[in-house]
Amino acid sequence: MIPQNSKVEHKVKILKNPRLRRIRYRLRTLLFKLFELKKDEMHRKVGESRRDDSLSYDVKGERFKELQKEEERLIINFSQSPINCAMCGNREEDLLYHLGYRGWGKS
């Protein structure tokens, strides 16, 4: 029978494996790029709506509010995900969820 401590140590070694760390970093980087693309797309849509002379002032305002809400949801979802450290933005470190500031950060 394997002592409990060695099971935990084995799991930690697996999680800290350099190859797995690189894979996690690349995945986090891809997700971060996707976040940036989505944010840029929303800003582009806002600009298009502002320049569209066929839209009334009220319609432009409604579209802006919708896109603003969508961007807020995107930012909230991003900040609550383990893509990068909530404090410094680092994606290479192992992240832990911190109850104090309700976000992911370095261990």
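Readers should treat all values here as calculations from the given coordinates under stated rules, not as data from a laboratory. Bear in mind that the values here come from a model prediction, so they are computed numbers and not experimental data. Cβ sites come from the backbone with ideal geometry, for glycine too, and all protein chains shown count toward neighbours.
Report, in listed order, any pair from Lys60/Lys106; Lys33/Lys65; Lys33/Lys60; Lys33/Lys106; Lys65/Lys106; Lys16/Lys39 with a Cα-Cα distance greater than 30 Å.
Numbers: Lys60/Lys106 42 Å; Lys33/Lys65 24 Å; Lys33/Lys60 28 Å; Lys33/Lys106 21 Å; Lys65/Lys106 35 Å; Lys16/Lys39 32 Å.
Violating the 30 Å limit, Cα to Cα: Lys60/Lys106; Lys65/Lys106; Lys16/Lys39.
What FRET efficiency do you get for Glu41 and Ile76 if R0 is 22 Å and r is their Cβ-Cβ distance, rounded to the nearest 0.05?
Working: r = 17 Å, r/R0 = 0.79.
About 0.80, to the nearest 0.05.
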Rg followed by Dmax, in Å, when the range 17-95 is reduced to its Cα trace: 17.0, 57
Nearest-20 debye value, the chain charge dipole, Cβ charges on Lys, Arg, Asp, Glu: 780
Arg50 paired with Arg21, simple spin-label distance in nm, labels 7 Å along Cα-to-beta-carbon: 4.3
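How would you rank 65-75, 83-93, 47-57, highest first, on the average number of other Cβ atoms within 10 Å across their residues?
Numbers: 65-75: 12.5, 83-93: 16.0, 47-57: 10.1.
Highest to lowest by the protection proxy: 83-93, 65-75, 47-57.
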